[in-house]
Amino acid sequence: MRRRVVVTGIGLVTPLGTDVEIVWQKLLRGESGVGKITLFDASSFPTQIAAEVKDWDISEIGENPDDWKNQDRNTHFAVGAGTKAFQDSGLSAGDYEPERFGVYTGAGEGRQNFDDFAKMMLAGLKPNGSFDENSFIEKGLEILHPIKELEQEPNMPAAHLAARFEALGPNANCLTACAASSQAVGEAVELIRRDEVDLMVAGGAHSMIHPFGVTGFNLLTALSMRNDDPEAASRPFDADRDGFVIGEGAAMLILEELEHAKKRGAKIYGEMAGYGSTSDAFRVTDCHPEGRGAIASLKMALKDAAISLEEINYINAHGTSTGVNDRVETLVIKAVFGDNAYKIPVSSTKSMTGHLIAAGGSSELIYSLLAIRDNIVPPTINYATPDPDCDLDYVPNRARELKCNVIASNSFGFGGQNVTLVAKRFND
């Protein structure tokens, strides 16, 4: 029999705040974290709105911000959320063997240092139009900061988390776009199941609210341009949706082997029951129009969890607020659950938090675990005009009390990545 895995700690750094209980109550009230972009001057951009993390820095977890000035924004978020999860779990150094404690993150790349790169390019460009590589290199040696450049690597959040907790076990990062943190959680669960570790800190962190990130998504025509009404911009499954709202933040979980958790008397948020991961093998941006990869992912997770279709009480949708994603995800749920799909509440918390990109899946898993704990599911806000292609119960605009024992959480990413996680109420 495979080992059972439970969640014993959770931590968040999000556009709605960094205290889990405060964030949860805001979600249940239907509050939006979307506003005008303040991290750079976006006045000339087609999209001028985002869901930013505001009024937070790493001093909240006892660190001096000056000591972290070379670390990227997403690393700050990851360490903040990871530390909160560790503290929430009640762990201390004597509770685990460092060699049996690992880290698995789904973290995005850091903000690229284009200012210094531009200076290097200008140094190398000669008046006659030729390019002098020696001048380019000399300028780089003069102005680049080795640690700052290194911190742009996607595995840096995982490295800092491991050092912080002396986690000497497996350490990995996957960057599978918007499915990354869900995949990180799923793979971390598998490591515990296989008896390679007893504990994992797993989740994701990302920050793409900078000119390069926003420009890229604008070129893909993926972002909402509802600049005059930011709080209403993210409107999953609504007929008037016009794209997603980019967000940022981190969400980390402490995953623990059941007997290890019971031995130290840990509180348990829920049990990780199923994990499915597939590829559309289609296009690098569009999901397969028939949802073949997502259907397979959802079925795989249900089979892994040994859960019947009738046992799922709630689905936290990927629900990005793009035309294609919402339509295909609706199709996927109906293809898997048949007529029962119309009986399952489906909501998208991205309507309030925006899309945290690599950190989206792990944050939504946390919200789903809180739904199990409190028997209430968060709404999809800004739902006003039904779309005939999206005809399920999206918990419109108001949270709903619901006996919630088993949840599924979907995450789909560019490149055709599909991940589904299934969690359930813990019963000994």
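The values are calculated or read from the model by the stated rules, or taken from the named source; none is laboratory data. Quick caveat, the model's predicted, so the values are computed rather than measured. No Cβ is skipped: glycine too gets one built from the backbone with ideal geometry, and neighbour counts run over all protein chains shown.
Is it the case that some residue within the range 167-188 is within 19 Å of residue 260 (Cβ to Cβ), β-branched (Val, Ile, Thr), surrounded by 18 or more Cβ atoms within 10 Å (Cβ to Cβ) and in contact (Cβ under 8 Å) with a residue 12 or more places away in the chain? Within the range 167-188, one or more residues are within 19 Å of residue 260 (Cβ to Cβ), β-branched (Val, Ile, Thr), surrounded by 18 or more Cβ atoms within 10 Å (Cβ to Cβ) and in contact (Cβ under 8 Å) with a residue 12 or more places away in the chain. Is it the case that the range 91-107 has a residue that's of a type in the set (A, V, I, L, M, F, W, C) and under 22 Å from residue 209 (Cα atoms)? Yes - at least one qualifying residue is present in the range 91-107.
Find the helices (runs of 4 or more DSSP H) located wholly in the range 143-245 whose residues include 2 or more that are at pLDDT 95 or above, touching a helix residue (DSSP H, G or I) at 6+ places or on another chain (Cβ under 7 Å) and in the same structural domain as residue 393 (by TED's automatic domain parsing), and list them. Hits in the range 143-245: 156-165, 180-193.
Within the range 49-65, is even one residue in a helix (DSSP H, G or I), of a type outside the set (Lys, Arg) and surrounded by fewer than 13 Cβ atoms within 10 Å (Cβ to Cβ)? There is at least one residue in the range 49-65 that is in a helix (DSSP H, G or I), of a type outside the set (Lys, Arg) and surrounded by fewer than 13 Cβ atoms within 10 Å (Cβ to Cβ). Evaluate the following for residue 67: is it out of contact with any strand residue (DSSP E or B) (no Cβ under 8 Å at 6 or more places or on another chain), assigned by TED's automatic domain parsing to the domain that holds residue 400, charged (D, E, K, R) and closer than 30 Å to residue 377 by Cα? Taking the combined requirement at face value, the residue does not satisfy it.
Inspect the range 344-359 for any residue being in contact (Cβ under 8 Å) with a residue 40 or more places away in the chain, surrounded by fewer than 23 Cβ atoms within 10 Å (Cβ to Cβ) and farther than 20 Å from residue 78 by Cα and give the result as yes or no. Yes - at least one qualifying residue is present in the range 344-359. Each residue in the range 91-114 was checked for being free of Cβ contacts under 8 Å to residues at least 40 places away in the same chain and either touching a helix residue (DSSP H, G or I) at 6+ places or on another chain (Cβ under 9 Å) or assigned to a loop (DSSP other than H, G, I, E, B) (or both), and 2 pass. Among residues of the range 192-239 being under 28 Å from residue 82 (Cα atoms) and among the hydroxyl-bearing types (Ser, Thr, Tyr), the one that is surrounded by the most Cβ atoms within 10 Å (Cβ to Cβ) is 234.
The residues in the range 270-318 that are in a loop (DSSP other than H, G, I, E, B), over 15 Å from residue 421 (Cα atoms) and either outside the structural domain of residue 363 (by TED's automatic domain parsing) or not hydrophobic (A, V, I, L, M, F, W, C) (or both) can be counted, and the count is 8.
Scanning the range 240-248 finds one or more residues that are within 30 Å of residue 6 (Cα to Cα) and not aliphatic (A, V, I, L, M).
Per the conditions (1) buried (at least 24 other Cβ atoms within 10 Å of the Cβ); (2) closer than 30 Å to residue 49 by Cα; (3) more than 21 Å from the chain's Cα centre (by Cα), the sole criterion not satisfied by residue 398 is (1).
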